[in-house]
1. Give, in nm to one decimal, the length gained when the segment between residue 103 and residue 207 is fully stretched (0.36 nm per residue of separation minus the Cα-Cα distance).
2. Quick one: net charge around residue 139, please, counting Lys, Arg +1 and Asp, Glu -1 for every other residue with C-beta under 11 Å from its C-beta.
3. What net charge do the residues around residue 347 carry, taking every other residue with its C-beta under 11 Å from that of residue 347, with Lys and Arg at +1 and Asp and Glu at -1?
4. Can you tell me how much longer the chain between residue 428 and residue 330 gets when fully stretched, taken as 0.36 nm per residue apart minus their C-alpha distance, in nm with one decimal?
5. Between residue 298 and residue 350, with labels modelled 7 Å along Cα→Cβ, what's the label distance in nm to one decimal, could you check?
6. Arrange the following residues from fewest to most other Cβ atoms within 10 Å of their Cβ: 102, 276.
7. Just subtract the alpha-carbon distance of residue 181 and residue 407 from 0.36 nm times their residue separation and send over the number in nm, one decimal.
8. Cβ under 12 Å from residue 368's Cβ, residue 368 left aside: what net charge do those residues give with Lys, Arg +1 and Asp, Glu -1?
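Throughout, read-outs are computed from the coordinates displayed, never taken from laboratory work. Since we're looking at a predicted model, the values are computed, not measured. So basically every Cβ, Gly included, is an ideal-geometry build from the backbone, and we count neighbours across all protein chains shown.
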Amino acid sequence: MKHFYLTALSVAAAITLNAAQVQPWALKTPSWLQTQQNVVSAKLPAADIKTMLPTRSAEEPQTDLEASEASYYYLGDLFQNGTDCYYIFLSSAGIRKGNPTDEGQMLRALIVAEKYTGSEQIPPLPTGTFAGEVSGEAGTYYPDNTEFMDIFFNPDDPEDPTLVGYVYQAAEGGSIRIAEKDGKYTVQAVFTGDLLDENGNSLDTAECTALYSGEIKYDDIHGYTPLGGDAAPVFPNCSGRYSQGLYSIAFYNVPLDEDGFIIGAGDLLNCEIYTDESNPMNLEDLVDTFEPFDAFEVGGGIPGKFVEGVWYEVYGGYFAPVGTALMAYDASGDYKTGLATGGTIDVTREGDIFTFKFNLTTPEGDKITSSWTGELAKFMTDMSDPSGSVQGVNPDTAAPVYGGQGCIVAPADALIFNTQGAVTGSTDLTPGIYIVKTGSKAVKVVVK
């Protein structure tokens, strides 16, 4: 099943999960969108594609929004050009941390304004008319991170709580007008939206409009939500990789699709453990008792320690749990986080069978206790071996894939997509989340 991906707002665990090859939550697409993709691959005329679009209930996909609520989030100087960026959300489908929570429609737009010079700790939402262009200059909205969503529950399965829908990415042009009077805002948006598949092929275009009048409150979409109590998850699954003395291993019970994306509620514990460097990896080095250390304070790794969890600003107002942390997902894709800042990870071995015992604590004093036992070598990718060999994983995932400053390092034959499904290159990239496909696998990386 193919997927349309939400923007970085819904993949806050991306940089942690990449290391363990378990991919973060993605908006699930109904099975009948595969029919559309087959139509596109047959290269039928656009008019024929539109007539074959599946219906939303008894109607065409809805691209007119009369919003009942709105919020915004301040990202700062995202483009590093002396401007300020904001996400604005208009919705008739509920809003939680910038994502929909129910059926309806949502507009999510990234606007660029003059640098805020006032005294308020959180800048107010800027006003004016913002034109759709990719310059990143003040007075614009950024089309690649602006989208209209038509959201609904899976019509193929009435018992499935997963939200599915159409995501129309804004093309250049159009406008978003924001006005304010006496604390009340009026927002009017109109642009041409393009419904893309994962290969960047256009399935449909439509005029997308949105209107809202009322208060617009600030929503800390990347605020840290603690566990709120002790946790003792049971982990049947494991996935990880090794490179330069660092073992990045995820233990999880969340359901995954065939591409490794989380598609339901459950728990995932990401562990970052340092040992002495070896080439190739030597799993015997893991047999030890590991205590936490602050990798940002130390400025590197310490063999015999695990990286404590940190709620980290990856870039321009985008935060993610980094290091060792538990993510407890609910059915909507939202999650609570337990940053492991204390306790121990004990690893023992009997032959090929390893046992991990977790007795961890969070800054709030919550306890995370769990264990996992299995043949670890089957679930590990050795990234240090110059021959590119992989233990227990398809060799086409062995080459390193990671994001940098405006670029992505990946194999020459890798396909790179932005979160709207458009194919990009590996250089001159704007900050954000990208999907890198190598062979039969896909990972998400962060570009700063």
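1. Working: separation 104, 0.36 × 104 = 37.44 nm, distance 2.02 nm.
Extra length available between residue 103 and residue 207 comes to 35.4 nm.
2. On the way: positive: none; negative: 114, 133, 137.
Residues near residue 139 contribute -3 overall.
3. Values: positive: 349, 357; negative: 284, 285, 288, 346.
Within the 11 Å Cβ shell, the charges total -2.
4. Working: separation 98, 0.36 × 98 = 35.28 nm, distance 3.58 nm.
Result for the pair: 31.7 nm of gain on full extension.
5. The two pseudo-label positions are separated by 3.1 nm.
6. Details: 102 16, 276 9.
In increasing order of surrounding Cβ atoms, one gets 276, 102.
7. Values: separation 226, 0.36 × 226 = 81.36 nm, distance 4.21 nm.
Between residue 181 and residue 407, full extension yields an extra 77.2 nm.
8. -1
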